[in-house]
Each structure stands twice: as C-alpha cells, then as structure tokens.
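The values are calculated or read from the model by the stated rules, or taken from the named source; none is laboratory data. The model shown is predicted, which means the values in this text are computed figures rather than measured ones. Remember, those area values only see protein heavy atoms, side chains included, never the ligands or the DNA or RNA. Shrake-Rupley method; radii C 1.70, N 1.55, O 1.52, S 1.80 Å.
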Amino acid sequence: MSTLTELFGLDAKASADDLQQAALMLPEIRDYHAVPVSVTPEIAGHWLRRNASNRPIRKKAVAQYANDLKSGHWQQNGETVKFGRSGRLLDGQHRIAAIAAAGIAQPMLIVTGVADAAFDTIDTGRRRTSTDVLIIEGIGVFEARIAAAALPMIINYRCGLLPHSSTRYPNHELLDCWASQPQVRASSQFVAKLPHRMVPISQSKAMFLHWAFARHDVAAADQFMEGLFVGDRLDRMGAVFHLRERLLLDRVERRKSDDGAQLHACIKAWNAERAHKRVRGWRALFPSSDEAFPEVLP
C-alpha cells in the first residue's frame with residue numbers, strides 16, 4: 001500500500017491543500033497502487049468527470065448512499081474505488097457521487113493502474129448486466145437492451161442448442177459474440193430502427209431471427225422483418241401475412257406466448273417464403289406438440 005505523500009514526493013507534514021491536489025492527480029498514476037484517501041466532495045466531483053462510458057448513474061442508489069452518509073449509517077465494506085491506466089473511473093461511481101451529493105468526506109481505498117479491459121469483470125453496487133456492458137461499449141441504451149437479450153439466442157443457435165434455451169453466458173462471451181461477428185451488429189442496428197409500438201414479437205427475437213436469416217440473404221431478411229413489423233402490401237396468401245395477423249392478435253388479446261413457438265412459426269414462415277409456398281392460415285406455421293424445431297432454409 002502507498003500513501004499520497006510517497007507517490008507524489010510530498011513532505012511528511014504536507015498541508016491539506018497539497019494532499020487534496022495530489023488526490024486530484026491520483027487517477028493519472030499509471031502504475032498499480034492502493035492508496036488510502038480522504039475523499040472530499042471536491043475530489044469526488046473532479047473524479048466523476050472521469051466517468052466516461054460507464055453505465056448510467058442510478059439516482060436512487062446515490063440518494064440512498066448519500067442518506068447513509070448523512071445519517072451515520074454508512075459502512076466501510078472494503079470495496080475500493082478503481083481507476084484504469086487511461087485515468088478512467090472504472091468502479092465506484094455511485095459511492096463517489098454520493099460523497100459529492102452529501103457534501104461529506106469519506107475515507108476510501110483508491111486503486112490505480114487497473115487494466116481498462118478488466119472493466120466488464122468488475123461489480124459495482126449491483127452486478128453489471130450484459131446491457132450495462134454493451135452500453136459501456138458505446139451502444140445506445142435501447143439497442144443494448146435488445147442485443148443483451150438476443151445474444152444468448154445467437155450463441156445457443158451457433159452451439160446447436162434451441163435458441164430459446166435458458167443457458168446463461170458470462171458478459172465476456174456475449175461481448176466476444178458482439179465484437180467478432182459483423183452481422184450480429186448489423187442485425188442489431190437494423191432491428192433497432194423497426195417500429196417500436198405494437199410489435200408482433202420482441203425486438204430481441206427479431207434480432208436473432210434477422211441474424212439467422214441474413215446469414216443466407218441479407219436483403220430477404222430485411223424484407224421479411226419489415227413485412228412482419230410494418231405490414232405494408234403483404235400478400236394475403238403469404239406466410240408473413242398470416243404470421244403477423246396471429247402474433248398481433250395474441251398481443252391484442254394479451255395471450256401469453258411461448259418463445260419457442262413464436263420462433264418456430266417465424267422460421268417456418270421464412271422457409272415458406274424461400275420456397276415460394278403459399279399459406280392459407282397461421283395454423284400451418286405454428287408447431288404441433290411433437291414437431292421438431294425447424295432449420296432455417298437458405
């Protein structure tokens with residue numbers, strides 16, 4: 001463990017102002033150090049400006065922490081505040097924001113020189129969700145929520161599992177899927193631009209399906225999803241027309257829909273369109289009790 005006086009070559013009798021100036025500069029330290037600091041509201045406010053690309057601050061959490069500080073109920077639990085080698089605040093934003101809001105200094109252990117790439121492994125206040133990690137990667141909140149729910153379906157399908165299987169994946173696997181496959185990102189961006197109100201299926205299912213279809217034909221995948229979500233000029237004997245009618249009816253009547261059945265019907269509708277097969281009703285698309293999950297036709 002180091003001290004501010006040691007790191008910055010200050011005299012053992014350094015003034016409070018000198019120690020505060022050293023604390024303000026602490027995030028600039030690129031080497032790995034653990035430093036005890038009395039974090040004042042002024043220091044906290046300065047450090048918060050280094051909070052680039054972190055997940056959105058939860059105002060309720062900050063308010064609760066600030067109330068705990070004011071009432072004397074704040075407990076030191078050994079958690080550190082972490083800064084990356086880039087100087088970015090990686091962990092501790094809610095505690096730092098609470099000090100600034102409460103106007104009360106608090107002793108904390110500050111760690112510098114943490115690898116910025118370790119960010120998605122750090123827990124703060126609540127566990128970072130896949131949505132949080134995607135937002136930190138620079139994705140908009142709405143699109144991040146879609147992608148966070150769709151990525152496990154994509155990984156499942158690539159592993160030979162049913163897309164709606166309940167397998168859970170760590171954040172780093174989801175991020176790897178996002179970063180390594182351009183079509184995943186393209187499908188996310190496409191689906192995020194579709195209508196948001198009264199949708200026939202969730203945008204996350206739409207993202208998975210668009211990705212699965214676009215691997216064979218991007219233009220056809222675009223056309224299929226636009227027809228399903230917008231409904232303009234659909235052939236009344238076409239699979240997409242009957243699929244859309246049934247899915248929207250389920251929404252209007254608030255029927256609880258089975259994820260697997262919805263995905264099954266969408267893939268069968270895609271297959272019918274690819275085979276230029278006319279469909280007389282939605283029953284031809286939805287699965288019977290013993291029907292295997294369909295493969296996506298090229």
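For the stretch 282-290, 3J(HN,Hα) computed residue by residue from phi via the Karplus equation (6.51, -1.76, 1.60; θ = phi - 60°) reads 5, 4, 6, 9, 7, x, 7, 4, 10 Hz, glycine and proline entered as x.
Taking all protein chains together and a 1.4 Å probe, the residues Arg50, Arg233, Arg85 rank Arg233, Arg85, Arg50 from largest to smallest accessible area.
How much length is gained on full extension from Ser288 to Ser180, taking 0.36 nm per residue of separation minus their Cα-Cα distance? Before the final figure, lay out each step's value.
Working: separation 108, 0.36 × 108 = 38.88 nm, distance 3.63 nm.
Extending this stretch completely gives an extra 35.2 nm.
Close amide H partners of Asp91, meaning residues 5 or more places away or on another chain with modelled amide H under 5 Å apart, are Lys82. The structure-derived value of log10 I(q)/I(0) by the Debye sum over Cα atoms at q = 0.08, 0.13 Å⁻¹ appears in the list (i) -0.68, -0.97; (ii) -0.35, -0.94; (iii) -0.50, -0.89 under the label (iii).
So what's the angle, to the nearest 10 degrees on a 0 to 90 scale, between helix 171-180 and the longest Cα principal axis of the chain? For helix 171-180, the angle is close to 60 degrees.
The fraction of accessible area contributed by carbon and sulfur in the stretch 189-254 is 45 percent, rounded to a whole number (1.4 Å probe; ligands and nucleic acids excluded). In the full protein context, the chain carries 52 Å² of accessible surface per residue, based on a 1.4 Å probe and ignoring ligands, DNA and RNA. Annotation: amide H of Val39 within the under-5 Å range of Gln106, Met108, sequence separation 5 or more or interchain, hydrogens built in the peptide plane.
Give me the count of lysine pairs in the chain whose alpha carbons sit under 17 angstrom apart, restricted to pairs 8 or more positions apart or on different chains. Display every interim value, and only then the final one.
Working: Lys59/Lys70; Lys60/Lys70; Lys193/Lys205; Lys205/Lys256; Lys205/Lys268; Lys268/Lys277.
Qualifying lysine pairs in the chain: 6.
Dividing the mean sequence gap of close Cα pairs (under 8 Å, 6+ apart) by how many residues the chain holds gives a relative contact order of 13 percent. Specify the inter-centroid distance of the stretch 202-222 and the stretch 242-266, based on alpha-carbon positions, in whole Å. Each part reduced to its Cα centre gives a spacing of 17 Å.
Give me the percent of accessible area attributable to carbon and sulfur for the stretch 1-111, probe 1.4 angstrom. The partial results should precede the final answer.
Values: 3050 of 5870 Å².
The C+S portion of the solvent-accessible surface of the stretch 1-111 is 52 percent.
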